[in-house]
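Before any comments, here is the structure.
The values are calculated or read from the model by the stated rules, or taken from the named source; none is laboratory data. Quick caveat: nothing in here was measured; it's all calculated off a predicted structure. Counting neighbours? That spans all protein chains shown, and the Cβs are built from the backbone with ideal geometry, glycine included. With ligands, DNA and RNA removed, areas are computed over all heavy atoms of the protein, side chains included. Shrake-Rupley method; radii C 1.70, N 1.55, O 1.52, S 1.80 Å.
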Amino acid sequence: MPKRTDTTCVHRKLFVISIMVFTALLLASCTGTKYLKEGEAFYNGAVINFETPQGRVGRKRILESELQTYINPKPNGKFLGSRPGVWLYYIAGTPKKKKGGLRNFLKYKLGDTPVLMSETTPERTATTLQGQLQNEGYFRSTVKSKVVTKGKNGKVIYDVTLYRPYRLRSIQYPQPKDSVYAAIIESLKQESLLDTGRRYDLERMQAEQVRIEEEVENYGFYYFDDKYLVFEADSTVGRRKVDLTLKLEDNIPDRARRIYRLDKINVYPDYTLSMDSTVQTQGDTTFINNYYYIDKKHFFRPEIVTDVINLKKGKIYSREAHDFTLSHLMGLGAFKFVNIKFSESPRKDSTLLDADIYLTPLKKKSLRAEVQAVSKSNNFVGPGVAFTFTNRNFLRGAELFQLKVNTSYEVQISRQTSGALNSFEMGIESSLTVPRFISPIHIDYNSKRYLPKTQFKLGYNFQNRLSYFRINSFNAGYGYNWKESISKSHELFPVDITFLKIDKRSQVFEDLLDENPVLAGSFEDQFILGTRYSYTLNTQLSENISQRYEERKYRKHNFYFNGNIDVAGNLLNAVQRAVDKREDGEPYQIFHLPYSRYVRGDVDGRYYWALDEHNKLATRIVIGVGYAFGGSSATMPYIKQFAIGGSNSIRAFPARSIGPGTYDVLANPGDSITLRFIDQRGDIKLEGNVEYRFDIIKSLKGAFFVDAGNIWLMRADEENRPGGKFERNKFLNQLAVGTGAGLRFDFSFFVLRLDVAFPLRRPAEGWVTKDIDFGSPSWRGDNIVFNIAIGYPF
């Protein structure tokens, strides 16, 4: 590499200094203070100071975070000391239109209404904070406030005198005189959210009341309410202890003491909120499975709806059955709203409940079109169009039918080739999802809350890389997906068949395959007769009261895990070997064509740490391994191999351009154009990402990130891809590493992401940090990669 001259170094320093000065001036102008009137000052937030007369008190950091949630208003967001949201609010001026227009967008969508010191209420807030401390068991603690203003900025300081918390010494459950609830509540003690030694916590006590209400309702007490449960706390027992007693109200209504059974159940499958309910409850009535199915439009087969209802005539009312019915009906995927209304039977002194189930259908058919202008970091640009037709009640059984058609045209423009490299792709996929298991054998499904689904898929994909090759891919699949709980889901496709046919190979591409047998094995016509399974865990979702309570208070840490295993051809090969033992080593075929034999697995683990309301640390690790059976030249199909790099992977490198190992496609001038066009793929993948995400203004968020990873080969290919084989003692020194920053326009329903990245380490060269030169146009052109994408990378 040529040495830099002194002039180059001076230019680089001047460039960096100019950028720093420009940024400083820009940020200084964005503080917004010049727009304030005389006597006004920005509110910069609250500071909470703790004084502990009794010595060390734990949980101060958690307690400070909790108390901050009770302090209002919230200050304007800052970015490097500036207030860009407030600045946009002021420079937008007064919009001429009430809705729409650029001024409205700048002022109210991107802009941030200034928060001033005059809007704060320190004394009232101090009282609120003190009350919250009492609720959390920090009795005798006090809070005092003071206002500090300096120039155009101010803050409120809350001085907390914090005493050690009181803890539960004993917990007494009710002993009702009439013993209506005695046995039930006694049985609920084992699952209590409260236990001795735990800190006094009013919110936890309220969660316990709600839990008991739900459990009591499961025994048929439909009118029971948690307001009939009252906690009495005795904090005078000494040594910062509390005796807690749960009592029942004296005047509980008679109907709350009765056990109710279900009587008449009416189902209205075409209810709409806008029409008169009297008119909608009239129609053809079908009596099926003890349900009155009242329908005028006959959109659904009655048994499809009634079979998933857990509420049964003659059974004791159960809150669990009520909730499961709602979950099942929504799980059909055909209804926008589901509502169940209960009323006492008109019979005198009756303990019977009538139920009316109102179902509002979704629009049966819809067509969605997407137009994309694609610009990729591997120099591909081009338009894309996708259409999706959806029928949510395909055969009147709440089946979801989807037909997806997508086309895209891409052209790769590179300084390394005199002509453009073109790619055209088209795909069509149809899927039918049925909200129940369809299987030749009985499947024992234990989850009562969620409906299982059976899915049938049929698809075709056509990819034409002009002047090189054309891939035709046919796919058919049959499988199931189901939920073990709200946070755990499974997918199993026992049948997943793909047929690959490669034609229109150019002479240049044929010559490349002749020189590279491993690559040739990836591009041969073949069947993939596979079975695949996937498991997903997402802790951001929870379903029981204990989890909901904990996450509501301390939901800072969340995990995501997805594991997949894909097996193809091995069972068929074993059967063929048993039936037809060959001694000549000739490979087995099906329909006179070879089929793939491999096993492939990958895991994707993510950890999200919410530092506070506006800052989050997101991390991800991806590990994938695939092994092809059939001798030293065997390789997995091209579409099943791993690739790395791009806008959702290592963002400092072009898409699918890294590896395998230390092999660098661009370091081989004779092959770089063709091979780069094909993409680099391997049998082993390792990738790690760390991203710090922060708010800038309302819908605009920022991020800093570091990505690392690579792919490797299971078997050496020194002739064509030297350095590509995985070696246990070398792979860490072969990782590609990149870093960068990004902006995200997050509108909740839509996220547009722009990431700018550059490499820190190249697998073939090692660390390249010493070569970083932002002032050099040549360095920027060769190293800085722009990624435009939809959604977050992970």
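Counting 0.36 nm for each residue step from VAL385 to PHE749 and taking away their Cα separation leaves a gain of 129.0 nm.
Here is what passes the span test in the chain: the DSSP H helices with alpha carbon length of 27 Å or more along the helix axis and a Kyte-Doolittle mean of 0.5 or above are 6-29.
Out of every Cα pair in segment 424-505, what percent are spaced more than 16 Å from each other? More than 16 Å apart: 62 percent of the Cα pairs in segment 424-505. Summarising the label geometry, the points placed 7 Å from Cα in the beta-carbon direction at THR142 and SER467 lie 8.3 nm from one another. Of all DSSP-defined beta bridges confined to segment 100-247, some 75% are antiparallel rather than parallel. Considering all different alpha carbon pairs of the chain, the Kirkwood hydrodynamic radius works out to 32.4 Å. Legend: calculated FRET efficiency, LYS312 to THR113, from the Cβ-Cβ distance at R0 = 56 Å, rounded to 0.05, equals 0.55.
When shorter helices are ignored and each DSSP H run of at least 4 residues is given -39500 (n - 2.57), the per-residue value for the chain at 222 nm works out to -5500 deg cm²/dmol. Spin-label model, SER192/SER485: points 7 Å from Cα along the beta carbon direction are separated by 2.3 nm. Note on THR286 and GLU370: with the Förster distance fixed at 45 Å, the Cβ-Cβ geometry gives a FRET efficiency of about 0.65. Counting only protein heavy atoms and a 1.4 Å probe, the chain has 52 square angstrom of accessible area per residue. Distance between the modelled labels on ARG780 and ALA182, one decimal in nanometres: 8.3 nm (7 Å Cα→Cβ projection). Rolling a 1.4 Å probe over the protein heavy atoms of the chain, with every protein chain left in place, gives an accessible area that is 55 percent carbon and sulfur. Annotation: extensible slack from PHE694 through TYR35 equals 234.6 nm (criterion: 0.36 nm per residue apart, minus Cα-Cα distance).
Full extension of the chain segment joining TRP767 with GLU249 gains 179.3 nm, where the gain is 0.36 nm per residue of separation less the Cα-Cα distance.
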